[in-house]
Each structure stands twice: as structure tokens, then as C-alpha cells.
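All remarks here apply to the structure that follows.
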Amino acid sequence: MSDRIENLLLVLPGLLLLALAFFLPIFQMLALSVDGPEGPTLAHFSRFLGDSYYLGILWRTVKLSFIITAICALIGFPLAYIMARVGPTLRLWLVIIVILPLMTSVVVRTFGWMVLLSRSGMIPDILRDLGLVGRNFALMQTETAIIIGMVQVLLPFMALSILGVITRIDPRLEEAARTMGCSFLQTIRTVVLPLSLPGIVAGSLLAFTLSASSFVTPNLLGGSRIQVLAASIYNSVTQTLDWPFAAAQAVILFVGILLVLVPYINLTGRARG
Amino acid sequence: MIFVALTTILLLAPLIVVVGASFSASQFVVFPPQGFSLEWYRKVLSSPEYLNAGFVSLNVALLVTVTATLVGGAAAIAIHRKQLPGSEILAALFLSPLVLPTIIYAIGMLMFWSSVFGPVSLPVLWISHTVIAMPYVIRTTLAVLSESDPFLEEAARTMGANRMQRLWLVVVPQCLPGLAAGAFFAFNVSFDEAVLSLFLRKPGLTTLPVQIYGQLEFSPDPSVAAVSAIMIALTVILILVIDRFLGIKKFANA
Amino acid sequence: MANVRLENIRKSFGKVQVLHGVSLDIASGEFVSLLGASGSGKTTLLRTAAGLESVTSGSISIDGQDVTDLPPEKRDIAMMFQSYALLPHLSVSENVRFPLRMRKIGTREEQAESVRGALETVQLGHLADRLPRQLSGGQQQRVALARAIVSNPKVLLLDEPLSNLDARLREDMQVELIEIHKRLGLTTIFVTHDQEEALGLSDRVVLLHKGKVEQEGTPADMYSQPATVFASTFIGSANLVAATISEIDGVLVARLVDGQTLPLPANIAKRGEVQLVLRQEDMTIGGEGQLKAKVRTRVFLGARNRYVLSLAGQEIRVLAGNDEIFSRGQTVSLGIDPARIRVMSD
């Protein structure tokens, strides 16, 4: 047996699993999305893209995803920076605090928000007590609720992605900037921010992808009246049993994500030369 | 700093709420809890639906842990050695399930399985969970391997070790921490997985997260909180175990 | 103990040829150093001897047996790596026992005995149960050495084993290597870029340059009779000074670029444009000297000084003691024993 064969044998089970249980189903679904009674058709796509109801869902999904991603980046960047620059014990605690939500089921997390944001939940209560809102204020079944819930879900991804990059920035660069007269904020703006950009971009892509395809949280926090693309897909699969249409929607989702992902890969690929 | 405190609250609030509400004595899910009672835990632990779902989840998760670790670990070793053509592409391929949104994979799998095998059953859960859990094993194993001495295998050869001996006595012990951490991540991923299990379910084949989701769509009583709190406790234990094996820090950057 | 024969070894990595036909005969029990700069091919040559690299053409035999196509695990060798390559999950004694296990040498008791002996030889018997990460660099290196000698291999291969050690430890280890070799008499191939190390440890030095053998010989020969320009500058710290040799009134004289002249002993055969090979340690500053030079820089080395001088427009280096200190800008006299002057054509 040669080295090659040994490595081939090692990698083969995994490759087979991927090929048969991952790529094959996805390609089959791609095929299903253009499936029609008389051969391949784009009818399902045109049905989606031609209906303002569905376009509304698409727009909402995209809009929410952008907002969520932006908020995650805004909170995640300072969080990651702090995590990178504090002492080891505090950092360990922060990492645990960040990872814990990541490793709990999304269902459990969303449930927690449901409790907090419902009509009798703690947050509307506090807001009412502070006199900021009226008596019937409820956060549940609003887009805001979705945003809050999703931000909590995705913030760890963003923070960890940026953290990975910031830890590689030599702290002496910041010290050098300070000795050259930069204030703390200026140092962040001119040194840390540009250097952490790859992490921010990677985290944003991850956050955007996950938001756009998210199902459980938007469904539970937004209710059936506020649908995102994933919910529409779920409906097509389980309620209307229109599988080709569901497949078409999945393809639209996939393409949408690729549209955002591909330029990023090109950019970083070129940067690496 | 206040910022850190606020962010911590944001990140942990839902979990704290769930745990707190599970102890409530009232009929409704409220936070802060009213009164203290373990009634809901008792209810959960004697409820056939929850117990069945828990059993399914546990079953699948254990199976997945074994297969994902074995298959993923072997693949990681082969990829690390970089002797196969296109190792970089291979690595990307194996990590691709992480990049693809689970819902797309879920319906793909449902449609594929239905057209080839018919109704869903435990094997399809097992296989699809393995597919999404395997990248975690590969990531952690590759991380550990990349920090190991690249000359160890060569040294073993000069000491007379043949192929099998090198694999068993040198390479595997090297990546054992990575395999262990990966195994725990795999268990966690499978146990918590909601979307895949949601699409690939049928009566009797419901996992715990799916059971909870079902309850949440209607009006939940605190037993949902209790079962969720149990799941959180499981996660905490897993994190502690992973930390013991390797230190969480290493995988914070993965 | 065995002899090793490398015949016409050629090795290419893809389009890059690293070894251009190297032949080497190593006698049983001989300590041979492969000396060279990075990229000279010395490590590649060692690895082909180990079997870790295949040869593109040529043959290798150990003890008369052709091993060219045999993988390392089937050759009766032991190798010491620059980074020690200790198995981190095994204790020191388990590490040392590993080759005996793999090659199925001896019973458990015999193996334990050999391990003990090897650890005693490197003076680490008391650390047998530690893990590698609990040891210092120097101690890890000794474990690697013990592991290499324990199986009594036909050939011992050492890949720059002392490079990662600090100066003092290095000196100690060099002495130990000499003593161990005397005691065990293993055929040894030692790779290094440090010419002092090669000269000090070996029975024979093989100087490699760009994948070919530049020169080989005993340390004494290599030091006193370098055959090429490259050998002269690599071994012993020599300066090369351009000059023209001619006979004036029956006396052999070398004329430097700035007109200075240096009388040469009559036995030098070369004429015309040459390079004079003047060793740093052979020259003296101050006192009576044949030449004049100007001091550029002085580097204080503790016991000695290294002077960078300007001689006939060229920069040369000379070692001198602390008795008299010369400062920057000073013009000094430069002397050399004529018998020590070597001459090389370009």
C-alpha cells in the first residue's frame, strides 16, 4: 500500500458521505426546482418573482438580514476588541459567555425571547414602567422582535470571527500609534479597524447568510403574519406540499446568498494574490 | 465596562429567563418566576412525549457522535497530510456543510430521501446530522494536527514503524484532543439541531428541539421551560467537558 | 556498524534539481559530516540515505545491501531530527523504547535494559518517567540521541541536531557526541552548516555546494588545503584579496590593486591574476608587517577583537588580541607568515 492509497482510504468514507448525502440531494433539489409536467421549466421561479406577496417576503428577509448584520457588526466589533485586549481570566469568561448561547438550541434561545418580549413579558413591562410606551405595547410578532432575537443568536458568530482576526493584530501597532499622537478612538479608527476588516467581513457574511436562511427564530418571534423566506419554504413543503415551488424558493435563497458571498471570495482571493 | 455588562445581558438573557421560568409555580410562563416549584420538571420527566423525544435525540446524537468522529477524524488526517491532490479543495468541500444554510440542505434531503427511500426514519436523521456535524470534527482535528510536530511521522518511520503503527501509535494520539473536542461538538450540534429534524420528522420520530418547537407554536406552559432548562444544563456540562479536554480558547478562533 | 555507499545520487523535486550526482563511500564506524550552506543539498542527501526521500537516480547500499528502494522503516537506521521529534504523549523511557518496539528487538526485559543503558549514556537516567514537555531543550535533545543509539543501528543519521541549542549547551553536546562515537563506534552521517562543528566532530568532512561535492577530506586537510575558492571561504575564516603574481629579479611577488607588494615563498606555482587566501587568524596587526591597511571597525569579542580593515580598496577581517587596541581611521601594518599564504586562480 502506498501513501496515496492510505490517504485515499482515510478520506473515502467522508467523501462518499458528502457526495451521496450532501451534494446529491442538493443537486436533486436544484433539478426539482425546474421540474415541470412537460420538462424543465422556470415557472416556479417566475411565480415567485412575479408575485408581489412573495417579493415582499424576499424584501423583508433581505432587509431584516442587513439590519441584523449591521447591528451585530456594531456590537460585535467593540466586544471582540475588548475580548482581545483584556486579561486571560476575563477573556475566558467572556468567551464562555459568548459560546454558551451558541451551543444551546436555537429553539431554547428563541423561547427565552418569547417570554421576555411577550405582552406580559419583562421588557415591555419595564418600558411601560418607564413611561416610554402605551398600555398595549407588545414586542412579540413584530419585526423588532425578530431583529432582537436574531442579533442574540448571531452576535457570537460575529464576535468570534472578529476576535480571531484582532488577536493576530500586534498590540504594539496600537502602542506605536499612541506614541505618534493618536487618541484611543483615532487608534481604533486608523489601526484596528482596517486590520480587523477581514474578520468583520467574514463575520458579516456569516451573519447575513444565517439571518437570511433562518427559520425558527423569525417564525416564533414574528408570528405567521410576518413571514420570511424560510417560513415560506416551510409552508410550501409541509402545508401546500408544493415541493417544486419550495425547491425554487430554496434556490432563490441560495443564489441570493451566493451573490453576496462570491464578491467576497473574489476580493480576498485577489488580496492573497 | 457597562458595554460589556449590557452585551452579557443581551447574550445570556433568554437562557436565564428560561431557567428561571422553569421553577415558577404558576400556570403561565412568566419571568421573574412566581413562587418556586419543581412541578414542571416532574411533569416533563413523566411525560411520554418529552421522554420519547429525548430518547430519539439522545439516540441520534450518540450515533452521530460515533460516525462523525470516525469519518471526520479519518478525513482530517488525510487532509492534514496534504499528500492527496487538491487538499485545499478537499478541506473546503468537507467544511461546506457549515456554509450552506441548514434549511436548504433540509429540504434537499427530505426530497431526495422521499424520492429514493420513501418515508423518513431514524437513518435519515442519523445521516443528515452526521453530514452537518462532521465539519466540526474536521475543524477541531485539523486545528490540533496543525500544531503538532510535522516530523513525528518521519521520525516514527526511521524507528521502524510501519503504516498501521504510525497511524495508531503516532497520528491518532496526536489528534486525540481534537477528536475528543470534535466528538463533543458533534453531540451538541446533533442534539440541538432543530431545522433538519423539523423537516425530517414524522410521528414518533420527533427530536427534543422539535417537540419544544411544537409546543411553542401553541401556548406553552412552564414544562417547556423545564425541558429547555434541562437542555441548557446539558450544554453547560458539554462546554465544561470540552474545556477540560482542550481549553475553549483554542476554538474561539476557529 | 556498517559501511554506506552512495553512488551517483541525483535528486529532483519537480523541475528543480537539488543533487547533481553525489557519490560517497563511508567506511564502517566512520563519522562523516555533510557540511554546506542552506540549499547545498546536504539535508536532502541525508534524507535519501534515510529513505525519507526517494532518489531520482543513483543507488544507496548499506553493508553491501542495496537499499535504494527500501522505505526508512525497513532500513536498519536511526535518525536524529533538528526539532528532536519526540513523541509528546509518551514518557522519556517509552520514547527511547519505541524503536526497539517497532523493530521487535529483544524481550521486554532486554528492551528495558537497553533503554536504561541508553539513558545512562546521555546522563538522563533520572528523568525516565517524565514527559517531553517537562524537559528543557537540552534534555529533549539528549532523549532524541538516546533514542537514536538504543537500537544499535547500522547507520546513525543526524540532521543538524545541535542547531537549536545555545552556545554553551552546544559545546557540551559536541564533546558528548565525540565520546559516544568513540565508545559505540556507530557509522554516523552528520549534517551541519557550522564548519567548526564539522571540523571538530568528524573523521571526514564532505563539503557540499549546489548539490555537488566541492571537496572532501580529513578535517585537518580541509582546513589547511582548501581546493577551491568556495572551500576557502567556507572553511576557516579567510579573506580573498585580488592580486597579480609575477617574478621580479628572481623574487616571487604578489602585487595588490593599490600597488602594495607582498613577497611570496618560491613554491607557489601560479602566475598572473589570482586571489590570495589570507586567513583572519593567520594575520597580525601592528608590529612589523608587509602591508598597510586602514581600520574601519572594531568588534569586541571578549577574548579577541575582530577588525574590519580596508586593504587595497577591499574590506578584510582580521582577528587580534587585546594587547593593543587600534581605533577607527588608524592606518596599521598588516603581517602574514608567507608560508600561510594560499593562492587561488579565479
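We did not get these values from a lab; they are worked out from the coordinates using the rules stated. Because the structure is predicted, anything quoted here is derived from the model rather than measured. Glycine gets a Cβ as well: all are built from the backbone with ideal geometry, and neighbour counts include every protein chain shown.
Taking the inverse of the average 1/r across all pairs of different Cα atoms in the range B:1-139, what Kirkwood radius in Å do you get? Working shown, then result.
Values: mean 1/r = 0.0528 Å⁻¹.
Final number for the Kirkwood radius of the range B:1-139 is 19.0 Å.
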dims of chain C, Cα set, principal axes, largest to smallest, nearest Å -> 79, 45, 35
Counting only residues 5 or more apart in sequence or on a different chain, those whose built amide H sits under 5 Å from that of C:Phe31 are C:Thr188, C:Asp203, C:Arg204
One finds the C-alpha centres of the range C:228-260 and the range A:211-226 to be spaced, in Å, by 87
Sorted by chain and then number, the residues having a modelled amide H within less than 5 Å of the amide H of C:Asn239, at least 5 places away or on another chain, are C:Leu278, C:Arg279, C:Gln280
Output ordering of B:181-194, C:233-246, C:264-277 (per-residue mean of other Cβ within 10 Å, highest first) is B:181-194, C:233-246, C:264-277
Computed over chain A, the relative contact order (Cα-Cα under 8 Å, seq sep at least six) in percent reads 27
Kirkwood Rh over alpha-carbon pairs of chain B plugged into Stokes-Einstein at 4 °C, 1.567 mPa s gives a D in µm²/s of 63
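Based on DSSP H runs of at least 4 residues, each adding -39500 (n - 2.57), what is the mean residue ellipticity at 222 nm of the protein assembly as shown after dividing by all its residues, to the nearest 500 deg cm²/dmol? Don't skip to the answer; put the middle values down first.
Values: 35 runs with 483 residues, N = 873.
Helix-only estimate at 222 nm: -18000 deg cm²/dmol.
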To the nearest 0.05, the calculated FRET efficiency linking B:Ala233 and A:Thr240 through their beta-carbon distance, R0 being 51 Å, is 0.85
The range A:63-226: spread of alpha-carbon positions along the three principal axes, whole Å, largest first, is 55, 35, 32
Quick shape summary for the range A:1-145, equivalent ellipsoid via Cα gyration tensor, semi-axes whole Å in descending order, reads 41, 32, 14
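Please compute, for peptide C:90-96, the average count of beta-carbon atoms on other protein chains lying within 10 Å of each residue's beta-carbon. It would help to have the intermediate numbers written out before the result.
Numbers: counts 3, 0, 0, 0, 0, 2, 0.
For peptide C:90-96, the averaged partner shielding equals 1.
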Note: C:73-82 gets an average of partner chain Cβ contacts (10 Å, Cβ to Cβ) equal to 4
Taking N as the residue count of the protein assembly as shown, its alpha carbon Rg divided by 2.2 N^0.38 Å gives 1.26
Taking alpha-carbon centroids only, the range C:126-174 lies from the range C:302-338 a number of Å equal to 40
Packing-ranked peptide list from A:250-262, A:218-230, C:315-327, highest mean Cβ count within 10 angstrom first, is A:218-230, A:250-262, C:315-327
Expected sort for A:179-187, C:23-31, C:187-195, C:37-45 on mean C-beta neighbours within 10 Å, highest first, is C:187-195, C:37-45, C:23-31, A:179-187
Expressed as a whole number, the average count of other chain Cβ atoms within 10 Å around the Cβ atoms of B:93-103 is 6
Computed on Cα atoms, the radius of gyration and Dmax of the range C:237-345 in angstrom are 13.8, 45
Per the 1/(1 + (r/R0)^6) rule, R0 = 45 Å and r from the Cβ atoms of B:Phe28 and A:Thr41, FRET efficiency to 0.05 is 0.35
Check: C-alpha center the range A:42-116 vs C-alpha center the range B:33-57, spacing in Å is 29
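Can you classify the range C:4-44 as rounded, prolate or oblate using the Cα gyration tensor, where a ≥ b ≥ c are the square roots of its eigenvalues, rounded means a/c under 1.5, and otherwise it's prolate if a/b beats b/c and oblate if not?
oblate
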Taking placed amide H atoms and a strict 5 Å upper bound, the residues 5 or more places from C:Glu214 or on another chain that come that close are C:Leu207, C:Leu208, C:His209
Quick calc: nm separation of the 7 Å Cα→Cβ label points for C:Glu120 and B:Arg42 -> 7.3
Helix B:2-22: inclination vs chain B longest Cα principal axis, degrees, rounded to 10, gives 60
